[in-house]
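Contents: one structure, followed by commentary.
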Amino acid sequence: MPETGVQSAHIHERAGKTLGDVRLQEAYKSSTLRLYTHRLQAMSEVPGFDSLRDRARAIKAEVIEHLDEYLAEFADSVERQGGKVHWAETAEEVCGAVRRIAEAAGVREFVKSKTMVGEEVELNEALESAGIRGIETDLGELIIQLAGERPAHIVAPAIHKTRQDVAELFADHLHSERTTEPERLTAIARRALREAFSRAGLGVSGANFAVAETGTIVLVENEGNIRLCTTAPRVHVALVGIEKIIPRFKDLAVFLRLLGRSGTGQKLTAYTSLLSGPRRDSEDGPAEMHVVLVDNGRVRTLSDEKMRESLYCIRCGACLNACPVYRKIGGHAYGWVYSGPIGALITPEFNGISQARELPFASSLCGACREVCPVRINIPDLLLHLRGKAQTQHAPAASGAPRGEKFSMQLWAWAMKRPRAYEWGSRLARLAQRFWQRGQWIPKAPVFPMSRWTDQRDFPALASRTFRERWKKRPGG
């Protein structure tokens, strides 16, 4: 079983373990760089891609500013199509609604497609405690379910696993042959999942988008398991975060062009399913369709005018692939189901800043996340906002930051206001660094806070001449 609750306070220890694991370092680096490169290629093939991003941002802003109206319209549209709508304020209410639906249907086993909301509310664990077993059907989610872990990436949950890891998991849990051939591993998973689909009376999915105008649930995928989850069982339950609403059916074209390209570099995912209510006469599909509209911290985020922009996110994972911090420390270091730059925003928002005050500081503020976001969320600006909130409202002690950090900042501020002191300090630092300098780098700094930096990386040595000294020596200077 994966750990439960928010574990973000342990980000430093978890990051240290990942940084010390050569295999994980290579796995995260190769996978994220591949996805990042694919995005660049896919983006270059669309004329006016930035205009498309502007349009998507404007649509999301419109929804979030009038969310109550669009939610009411969506609920009415779902019920008009024959579906049933459930409103859930907390994770417990989400799990309770699904449990009651499962019990009413008389099922003890359900199949579940990839849904971050399901991970967020810990649906599998809650229903298993009630004697209802869930089986993940997305290949990546199945792998981490067998491993008893959380997703390591929004789009690619098993990004940190090698073929050897998967072979061991399948042999131990699915009692299959030990093979590292991707085709044979896929065939092993397919056989196991087909049996699950044939048994399950309940299928659970998430939603990439939910169209207010038509009550349509939109799901995108590359494996086909979502389509089986939503059509093979007699009952389908869709977990929908309230921020997933888009106003009109025509708006869907904007987001579909952005989502695949931003997430995996595809023009369009292999399967795009549009679900509007249960089956009609002569149709395939479930006899019942239930939509659970999930708050779980989103309304609290909506109430903060600064932070409501984070609700624009379409969960493409592009910011993770671009982030230099995520590439090094991996997804599990963030301590909850959402990782990377967007996880550093919504984990404190959905759970309260006191539960995840460390996350906004796990960023270099380089702006790479903002550059790739398909809806142009200003993530660095929002992280700074959360840092201020963390320091003023939830400092680790009554005195705020650690004494060493406070003293360092005070000394830096004092020197920056006094050019002569700054100049002499720079000279002294250049002299002192000779004891630890190796070429152009300092492998091990002796004092805090630089010692924290060199625990995991080298620090660039100060140049032999300052900018001012070089400027004076320029021709004509």
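Can you list the HN-Hα couplings for the range 300-311, worked out from phi with the Karplus curve (6.51, -1.76, 1.60; θ = phi - 60°), rounded to whole Hz and with x for Gly and Pro? With the stated coefficients, the range 300-311 comes to 4, 5, 4, 6, 9, 4, 6, 8, 4, 4, 5, 6 Hz.
Among the trypsin sites (Lys or Arg not before Pro) in the range 143-241, those located in a DSSP loop and surrounded by at most 13 other Cβ atoms within 10 Å of their own Cβ are R178. Computed from point charges on the beta carbon alone (+1 for Lys and Arg, -1 for Asp and Glu), the dipole magnitude for the range 306-429 about its Cα centre is near 340 Debye. Post the alpha-carbon centroid distance, the range 336-355 to the range 173-195, in whole angstrom. Value for the Cα centre distance between the two parts: 34 Å. Among residues other than A42 with Cβ under 12 Å from its Cβ, the summed charge is +3 (Lys and Arg +1, Asp and Glu -1).
Annotation: the range 403-473 has a Kirkwood hydrodynamic radius of 13.4 angstrom, from the mean reciprocal C-alpha pair distance.
Entry note, the chain: relative contact order of 20 percent, from Cα contacts under 8 Å with a spacing of 6+ residues.
Only DSSP H runs of four or more residues enter the estimate; each adds -39500 (n - 2.57), and after division by the residues of the chain the mean residue ellipticity at 222 nm equals -14500 deg cm²/dmol.
Rounded to the nearest 20, the Cβ-based charge dipole of the chain about its Cα centre (Lys and Arg +1, Asp and Glu -1) stands at 3240 debye. Label-point separation (nm) for M416 and E79, each offset 7 Å from Cα along Cα-to-Cβ? Once both label points are built, they end up 5.7 nm from each other. Cα centroid separation, the range 455-477 to the range 8-67: 34 Å.
The distance between label points at C366 and E65 comes to 3.4 nm (points 7 Å beyond Cα on the Cα→Cβ vector). Think of it this way: in the chain, C95, C229, C313, C316, C323, C366, C373 stand alone, with no other Cys Cβ under 4.7 Å.
With 0.36 nm allotted per residue and the present C-alpha distance subtracted, the R184-W436 stretch has 85.4 nm of extension available. Around G263, with a cut-off of 10 angstrom between Cβ atoms, what is the net charge of the other residues, counting Lys and Arg +1 and Asp and Glu -1? Taking every other residue near G263 into account, the sum is +3. Pairs over the 31 Å Cα-Cα cut-off, from the set K267/K328; K112/K306; K29/K114; K29/K112; K244/K406: K112/K306; K244/K406. Between S354 and L274, residue separation times 0.36 nm minus the direct Cα-Cα distance comes to 24.9 nm.
Cβ-Cβ distance of H175 and L40, R₀ of 60 Å, FRET efficiency by 1/(1 + (r/R0)^6): the value works out to about 0.90. Close amide-amide hydrogen proximity is noted between I442 and F459, A461, each under 5 Å apart and 5 or more residues distant or on a separate chain (H modeled in the peptide plane; Pro and chain starts excluded). For the range 41-70, trypsin sites (Lys or Arg not before Pro) are listed when DSSP marks them as loop and at most 12 other Cβ atoms sit within 10 Å of their Cβ; the list is empty.
Straight-distance candidates among the lysines for linking to K473, with alpha-carbon spacing under 26 Å and chain neighbours fewer than 8 residues away dropped: K417. For V291, the residues 5 or more places off, or on other chains, whose built amide H falls under 5 Å of its own are K84, V85, H86, A238. Selection among S30, V294, W424 by position relative to the dipole of the chain gives W424 as farthest towards the positive end (Cβ unit charges, Cα centre). When the charge dipole of the chain is built from unit charges on Cβ atoms (+1 for Lys and Arg, -1 for Asp and Glu) and taken about the Cα centre, the candidate among S77, V98, I217 whose Cα reaches farthest toward its positive end is I217. Count Lys and Arg as plus one, Asp and Glu as minus one, and take only other residues whose Cβ is under 11 Å from that of R357; the net charge is then +1.
Every number here is computed from the coordinates shown, using simple stated rules; none is lab data. Computed from a predicted structure; not experimentally measured. Please note: Cβ atoms are built from the backbone with ideal geometry, for glycine as well, and neighbour counts cover all protein chains shown.
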